[in-house]
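The values are calculated or read from the model by the stated rules, or taken from the named source; none is laboratory data. Note that the structure is a prediction, hence the values are computed from the model and not measured. Here Cβ is always computed from backbone atoms with ideal geometry, including for glycine, and neighbour counts include all displayed protein chains. With ligands, DNA and RNA removed, areas are computed over all heavy atoms of the protein, side chains included. Shrake-Rupley method; radii C 1.70, N 1.55, O 1.52, S 1.80 Å.
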Amino acid sequence: MKEVTKEVYLKWYEDMLLWRKFEDKLAALYIQQKVRGFLHLYNGQEAVLAGALHAMDLTKDKMITAYRNHVQPIGMGVDPRRVMAELLGKVTGTSKGMGGSMHIFSKEHRFYGGHGIVGGQIPVGAGLAFADKYFETGGVTMTYFGDGAARQGSLHEAFNMAMLWKLPVVFIVENNGYAMGTSVERTANHTDIWKLGLGYEMPCGPVDGMNPVKVAEAMTEAIDRARRGDGPTFLEMKTYRYRGHSMSDAQLYRSKDEVEEYKKIDPITQVLDLIKDQKYATDEEIEIIDKRVKDLVQECVDFAEESEYPPVQQLYDVVYEQENYPFIPHKL
């Protein structure tokens, strides 16, 4: 694994803080009805992304996930201002304001969504990996899904084909304890989701998803295996979300005490404590990072709010192009 240096810890802290504050601002904008539709926040799960990015090669590796998908593209290199604009439905967004919260996408940065169909991204992730193997790109696809999606039949079909063809894919279930408001204990007679991989003789195992170092270690091993041509791995990231399934979730299925217990192992706090213990940064330097993050989040909001909504004509420009029907030219 690439060494976890002082610089890595400082980057993890700044990145995870940005993701957290970015989504905290989204929650506020949602209440103001500036973000419409559904809004699923990632608060608490940031270590899963931070650790994975440390192990990935962003020049060729891909990522695909479900609808809790705002911060992943930022980590992959997408301009956070464009992500914010997409969430506000503006034309400067990643999909020109037409994707919204659940469908952030960037082919340029190899982030392939953002999928609203539960589990729908699992076979698509395997397909992306198939393309990498077919064209010999050397890339690996990180395919993320939640504990609820682990009960979908498409998972088993994708696992079977991925093992049969030794596809360069890492399947990651982000087990935050609840599929919407239903606990893992109520969705199946087993709670160790990673054991689903055993039926396909796929390397698999649990990972502490609140610790970016543990995530990086597991992801490095899985990515190296895939890149060697030895096929997929299935990892269960044991994590937690501090907010509800979506902003409309009243969270009646869990207690406030439960949430507070998990906040004691907050990934951002863990990293910050280590930075302070190892004297990687002074209090003044940490304050500078905090201010930089705060300013960037505000810059994203300003950019999004000052941007225009898409023109009505855009509805026609993105449908299709047909040679024998020239009356509605395809412009995008």
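Please name all residue pairs, on different chains or six or more residues apart, with Cβ atoms under 8 Å, provided the first residue is in segment 93-107 and is on the phi < 0 side of the Ramachandran plot and the second residue is open to solvent by 40 Å² or more (accessible area, probe 1.4 Å) and not in a loop (DSSP other than H, G, I, E, B). Hits for this filter: GLY93/ARG82; THR94/ARG82.
Listed by first and then second residue, the pairs with beta-carbon distance under 7 Å, at least 6 apart or on different chains, first residue in segment 298-312 and over 24 Å from LYS21 (Cα atoms), second open to solvent by 90 Å² or more (accessible area, probe 1.4 Å), are PRO310/MET98.
Each row is one residue, and each column tells you yes or no for (1) farther than 30 Å from ASP273 by Cβ; (2) open to solvent by less than 10 Å² (accessible area, probe 1.4 Å).
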| site | (1), (2) |
| --- | --- |
| LEU18 | no, no |
| ALA27 | no, yes |
| ARG36 | yes, no |
| GLY44 | no, yes |
| ALA47 | no, yes |
| LYS60 | yes, no |
| ASN69 | no, yes |
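The rows are residues; the columns are (1) crowded, with 22+ Cβ neighbours inside 10 Å; (2) polar (S, T, N, Q); (3) over 14 Å from VAL170 (Cβ atoms).
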site: GLY116; (1), (2), (3): no, no, yes
site: ALA129; (1), (2), (3): yes, no, no
site: TYR134; (1), (2), (3): no, no, yes
site: GLY138; (1), (2), (3): no, no, yes
site: GLY146; (1), (2), (3): yes, no, yes
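For the structure I just gave you, tell me whether LYS263 is open to solvent by 60 Å² or more (accessible area, probe 1.4 Å) and either within 25 Å of the chain's Cα centre (by Cα) or farther than 23 Å from PRO212 by Cα (or both). Judged against the criteria, LYS263 is a match. Looking at segment 127-214, the strands (runs of 3 or more DSSP E) lying wholly inside it that each contain 1 or more residues that are among the aromatic types (Phe, Trp, Tyr) sit at 141-146, 169-175. Name the residues in segment 163-203 that are modelled with pLDDT of 95 or more, open to solvent by 30 Å² or more (accessible area, probe 1.4 Å) and in contact with a helix residue (DSSP H, G or I) (Cβ under 6 Å, 6 or more places away or on another chain), would you? MET163, TYR200, listed by residue number. Selection within segment 78-96: residues that are under 17 Å from the mean Cα position of the chain (by Cα) and of a type in the set (A, V, I, L, M). The member of this set that is farthest from LEU18 (Cα to Cα) is LEU87.
Among the residues of segment 147-162, is there at least one that is of a type in the set (Phe, Trp, Tyr) and either modelled with pLDDT under 95 or out of contact with any Phe, Trp or Tyr (no Cβ under 6 Å at 6 or more places or on another chain) (or both)? Checked against the condition, which is being of a type in the set (Phe, Trp, Tyr) and either modelled with pLDDT under 95 or out of contact with any Phe, Trp or Tyr (no Cβ under 6 Å at 6 or more places or on another chain) (or both), segment 147-162 yields no hits at all.
Close Cβ contacts (under 6 Å, 6 or more residues apart or on different chains) running from residues in segment 11-23 that are under 13 Å from ASP266 (Cβ atoms) to residues that are open to solvent by 20 Å² or more (accessible area, probe 1.4 Å) and at pLDDT 95 or above comprise TYR13/LEU272.
Quick check on ASP290: is it open to solvent by less than 60 Å² (accessible area, probe 1.4 Å), more than 22 Å from the chain's Cα centre (by Cα) and in contact (Cβ under 8 Å) with a residue 12 or more places away in the chain? Here the answer is yes, as ASP290 does meet what is asked.
Exactly one residue out of GLY51, GLY37, GLY93 is of a type in the set (Gly, Ala, Ser), assigned to a loop (DSSP other than H, G, I, E, B) and either at pLDDT 95 or above or within 28 Å of ALA226 (Cα to Cα) (or both): that is GLY93.
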